[in-house]
Amino acid sequence: MNGQGVIALAFLLAVVSQAQGQGRGVPGGLSEQRMAGPGEQALVAKSRKEIIRRLPSWFDRPVGPFKALTYRTQTVAGTNYFIKVKIQEPRPRFIHVRIYATLNNRSKVAGVKVARQYDPILYF
């Protein structure tokens, strides 16, 4: 690697590490995990029917309310919300839901994954 390549690599690493140090994360990467608030709960409530449709066929259909627990985001041409959801009844179960919100505030469910209570939220 020549001198210019080393300088460019050092600059890139400095930018990435500075962004991580300021809590912004790597561009296009997932944010830190946060507690879900009313905004994330509203996304889950609005998407409930579509989430149920995307559950695997072997998964018992939920009866009770969905509660958003924690979430991570990914900024793309809009925002991907990766949300851990607790299904209250008939017994507590957990799923991870990816909801894509466009820049004009429309949203759609992009994925649903069955999870356990302590599974970390990862890209899927």
Residue in region 90-99 that is touching a Gly at 6+ places or on another chain (Cβ under 8 Å), exposed (fewer than 14 other Cβ atoms within 10 Å of the Cβ) and farther than 22 Å from Leu30 by Cβ present: yes
Residue among Arg106, Arg53, Arg61 that alone is at pLDDT below 90, exposed (fewer than 15 other Cβ atoms within 10 Å of the Cβ) and of a type in the set (D, E, K, R): Arg61
Selection from region 70-84 of residues that are open to solvent by less than 60 Å² (accessible area, probe 1.4 Å) and within 11 Å of the chain's Cα centre (by Cα): Thr70, Tyr71, Arg72, Thr73, Gln74, Thr79, Asn80, Tyr81, Phe82, Ile83, Lys84
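The values are calculated or read from the model by the stated rules, or taken from the named source; none is laboratory data. Computed from a predicted model, the values in this text were never measured in an experiment. Cβ sites come from the backbone with ideal geometry, for glycine too, and all protein chains shown count toward neighbours. Protein only, heavy atoms only, side chains kept; ligands, DNA and RNA dropped before computing areas. Shrake-Rupley method; radii C 1.70, N 1.55, O 1.52, S 1.80 Å.
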